[in-house]
Amino acid sequence: MAQLFDRMVAFYQRINWPMTAVPDETILSVTYQGDRGQWVFVASVDEPRSTVTMFARAPLSCPPEKFCDLAEFIERANFGMTHGAWVVDRRDGEIRFRVGIDMTGLELTDTCLQNMTIYTNLTMDFYLPGLRALLEEGMSPEAAYNLVFSQ
């Protein structure tokens, strides 16, 4: 194991999160239960690039006929964010909220890992009702986005 990954593993062990390691990879994952749903949370390290990336994979996917609506919803959400971004894989409709940090010359601390973990999961939890309204109830992108902020 490498230095950043070792620190990440140790952090999740200290806080008693039952993270599962992907064999032969520097990737950990867990099913996370938020207030508004459940999703897979992933934390990974790219040692050669000194980066840490985390994402929450939405518990729903986007069908091809909804890609334009989802793109508008994501544009609205991403425009107001100071860090992190919503992304979608057009091949299978997977939706993620992702954050990352370049650790070159920096020390990966528990506080950094805690902040990234909380922010990633809280953001998914916050936007999930809007994603559901858009993709499952047929709400317009603007109305679904506004629903997020009317809660």
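Collect the residues in region 101-138 that are open to solvent by 20 Å² or more (accessible area, probe 1.4 Å), farther than 19 Å from W17 by Cβ and not hydrophobic (A, V, I, L, M, F, W, C), keeping them in residue-number order. Selection gives D102, T104, G105, E107, P129, R132, E136, E137, G138.
Among A71, A56, A77, which is the only one that is touching a Ser or Thr at 6+ places or on another chain (Cβ under 7 Å), within 26 Å of G138 (Cβ to Cβ) and surrounded by 13 or more Cβ atoms within 10 Å (Cβ to Cβ)? Step through it out loud before you land on a result.
Details: A71 fails: touching a Ser or Thr at 6+ places or on another chain (Cβ under 7 Å); A77 fails: touching a Ser or Thr at 6+ places or on another chain (Cβ under 7 Å).
Selected residue: A56, the only one of A71, A56, A77 that is touching a Ser or Thr at 6+ places or on another chain (Cβ under 7 Å), within 26 Å of G138 (Cβ to Cβ) and surrounded by 13 or more Cβ atoms within 10 Å (Cβ to Cβ).
Check S50, S61 and return the single one that is open to solvent by 20 Å² or more (accessible area, probe 1.4 Å), touching a residue at least 12 places away in the same chain (Cβ under 8 Å) and farther than 22 Å from E137 by Cα. Sole residue among the options that is open to solvent by 20 Å² or more (accessible area, probe 1.4 Å), touching a residue at least 12 places away in the same chain (Cβ under 8 Å) and farther than 22 Å from E137 by Cα: S50.
Can you name the residue in region 44-56 that is aliphatic (A, V, I, L, M) and within 9 Å of the chain's Cα centre (by Cα) and is also farthest from L4 (Cα to Cα) among such residues?
Filtering region 44-56 down to residues aliphatic (A, V, I, L, M) leaves 45, 52, 54, 56.
Checking which are within 9 Å of the chain's Cα centre (by Cα) leaves us with 54, 56.
Numbers: M54: 13, A56: 20 Å.
If we take residues in region 44-56 being aliphatic (A, V, I, L, M) and within 9 Å of the chain's Cα centre (by Cα), then A56 is farthest from L4 (Cα to Cα).
Pairs linking a residue in region 83-96 that is within 16 Å of E72 (Cα to Cα) to a residue that is at pLDDT 95 or above and aromatic (F, W, Y), with Cβ atoms under 6 Å and 6 or more positions apart or on different chains, are W86/F97; R96/F55. Checked across region 91-111, the condition of being touching a helix residue (DSSP H, G or I) at 6+ places or on another chain (Cβ under 6 Å) and among the small types (G, A, S) holds for no residue.
The values are calculated or read from the model by the stated rules, or taken from the named source; none is laboratory data. The structure presented is a predicted model; accordingly, all values stated were derived computationally and were not measured. Glycine also receives a Cβ, built like all others from the backbone with ideal geometry; neighbour counts cover every protein chain displayed. These area figures cover heavy atoms from the full protein model, side chains too; ligands, DNA and RNA do not enter into them. Shrake-Rupley method; radii C 1.70, N 1.55, O 1.52, S 1.80 Å.
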